[in-house]
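Here's the structure we're looking at; comments come further down.
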Amino acid sequence: MNVKTKPSLAVWKFASCDGCQLTLLDCEDELLAVTEQLEIGYFLEASSATVAGPYDLSLVEGSITTPEDVERIQEVRRQSRFLVTIGACATAGGIQALRNFTDVEELLRIVYATPAFLSTLGTSTAISDHVQVDFELRGCPIDRSQLLEVIGAYLAGRTPEIPSHSVCVECKQKGNVCVMVAHDTPCLGPVTHAGCGALCPTFHRGCYGCFGPVENPNTEAMAGALAAQGVSADDIDRLFHTFNAWAPPYRDLSVSVDPPTRRQP
């Protein structure tokens, strides 16, 4: 008689701050329930004990920044039935992708006494730039309830039910007054993927775009709205080039026109 084994989970780290892995550990009671349904085969943030692959589900945090990373992610892909990337680093290159806009060799020369000892790529890129990814979970860091939904979905053999709307919808759901309309506060909510519960606007701050671009964002219109508020082209560029700077809709934004005259109330 064949004994059915639990599906296996692996959690992998590449270039990142570990925040998304800590989100998984922070699930606490929910994580205990998850472990009853699957076997954690590889998760060095939680335990040095490992089980050899292949794995049914791999969660990957971090971006690809070295030649060794490229080889390792390809091996992770071969060992994984499903591969899900978690967080801004894995889905968009992360804050470290700011190096993609400058001369990496010059940065190495300035920062390190002996840059010749370092082996790095000229860019920091998303996991999907190198291997097939089955699902991308955005956020910096990710939302714990969304993470549990993704794990549960793959355990149940279904597609994760993650909202695709913008942060503006979350503001409407919470009854928030729009900070852009009421206070002229720069806010990326209209072009940012939901998931944070509109945390910053709830406390009267503009959205910083932690969860990356929503589907089909009109970033040019967003830039125009910001310019109409008097935000300079340089500051608009800085708003889009943070946690998800290398995500194509943010990366490709070009503010080439002078801000229009600000309307008086």
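The values are calculated or read from the model by the stated rules, or taken from the named source; none is laboratory data. If you're wondering where the values come from, they're calculated on a predicted model, not measured in any experiment. Counting neighbours? That spans all protein chains shown, and the Cβs are built from the backbone with ideal geometry, glycine included.
Ala223 - would you say it is more than 19 Å from the chain's Cα centre (by Cα), within 23 Å of Phe135 (Cα to Cα) and outside any loop (DSSP other than H, G, I, E, B)? Against the criterion (more than 19 Å from the chain's Cα centre (by Cα), within 23 Å of Phe135 (Cα to Cα) and outside any loop (DSSP other than H, G, I, E, B)), Ala223 does not qualify.
The residue that is farthest from Ile127 (Cα to Cα), counting only those in the stretch 214-265 that are at pLDDT below 90 and hydrophobic (A, V, I, L, M, F, W, C), is Val257. Residues in the stretch 49-83 that are among the aliphatic types (A, V, I, L, M) and touching a His at 6+ places or on another chain (Cβ under 9 Å): Ile64, Val70, Ile73.
Would a scan of the stretch 172-189 turn up a residue that is in contact with a helix residue (DSSP H, G or I) (Cβ under 9 Å, 6 or more places away or on another chain) and at pLDDT below 90?
Residues of the stretch 172-189 in contact with a helix residue (DSSP H, G or I) (Cβ under 9 Å, 6 or more places away or on another chain): 174, 176-180, 185-189.
From the residues that got through so far, the ones that are at pLDDT below 90 too are none.
Looking for residues that are in contact with a helix residue (DSSP H, G or I) (Cβ under 9 Å, 6 or more places away or on another chain) and at pLDDT below 90, one finds none in the stretch 172-189, hence no.
If only residues of the stretch 190-207 that are in contact with a Gly (Cβ under 8 Å, 6 or more places away or on another chain) and in a loop (DSSP other than H, G, I, E, B) are counted, the one that is surrounded by the fewest Cβ atoms within 10 Å (Cβ to Cβ) is Gly206.
Out of Glu61, Glu28, Glu68, I need the residue that is surrounded by fewer than 20 Cβ atoms within 10 Å (Cβ to Cβ) and closer than 15 Å to Leu147 by Cβ. Which one? Before you say what the answer is, go through the steps one by one.
On the way: Glu61 fails: surrounded by fewer than 20 Cβ atoms within 10 Å (Cβ to Cβ); Glu68 fails: closer than 15 Å to Leu147 by Cβ.
Step by step, each of Glu61, Glu28, Glu68 is checked, and only Glu28 is surrounded by fewer than 20 Cβ atoms within 10 Å (Cβ to Cβ) and closer than 15 Å to Leu147 by Cβ.
Scan the stretch 208-219 for residues that are more than 19 Å from Gln173 (Cβ to Cβ), of a type outside the set (Gly, Ala, Ser) and surrounded by 15 or more Cβ atoms within 10 Å (Cβ to Cβ) and the total you get is 4. Pairing each residue of the stretch 80-98 that is without any contact (Cβ under 8 Å) to a residue 60 or more places away in the chain and assigned by TED's automatic domain parsing to the domain that holds Leu137 with any residue that is part of a helix (DSSP H, G or I) and among the small types (Gly, Ala, Ser), provided the two are 6+ apart or on different chains, yields C-beta distances under 9 Å for Thr85/Ser128.
The set of residues in the stretch 162-206 being β-branched (Val, Ile, Thr), more than 21 Å from Glu220 (Cβ to Cβ) and touching a strand residue (DSSP E or B) at 6+ places or on another chain (Cβ under 9 Å) consists of Ile162 alone. The residue list Phe211, Phe117 contains one member that is among the aromatic types (Phe, Trp, Tyr) and farther than 30 Å from Ser58 by Cβ, which is Phe117.
If we keep just the residues of the stretch 161-171 that are over 16 Å from Leu57 (Cβ atoms), surrounded by 12 or more Cβ atoms within 10 Å (Cβ to Cβ) and within 19 Å of the chain's Cα centre (by Cα), which is modelled with the lowest pLDDT?
Narrowing the stretch 161-171 to residues over 16 Å from Leu57 (Cβ atoms): 161, 163-171.
From what is left, the residues that are surrounded by 12 or more Cβ atoms within 10 Å (Cβ to Cβ) are 163, 165-171.
If we keep only those that are within 19 Å of the chain's Cα centre (by Cα) as well, we get 163, 165-168, 170.
Numbers: Pro163: 89, His165: 94, Ser166: 96, Val167: 97, Cys168: 96, Glu170: 96.
That would be Pro163.
In summary, Phe101 fulfils each of the numbered conditions (1) within 30 Å of Thr242 (Cβ to Cβ); (2) among the aromatic types (Phe, Trp, Tyr); (3) crowded, with 17+ Cβ neighbours inside 10 Å with the single exception of condition (3).
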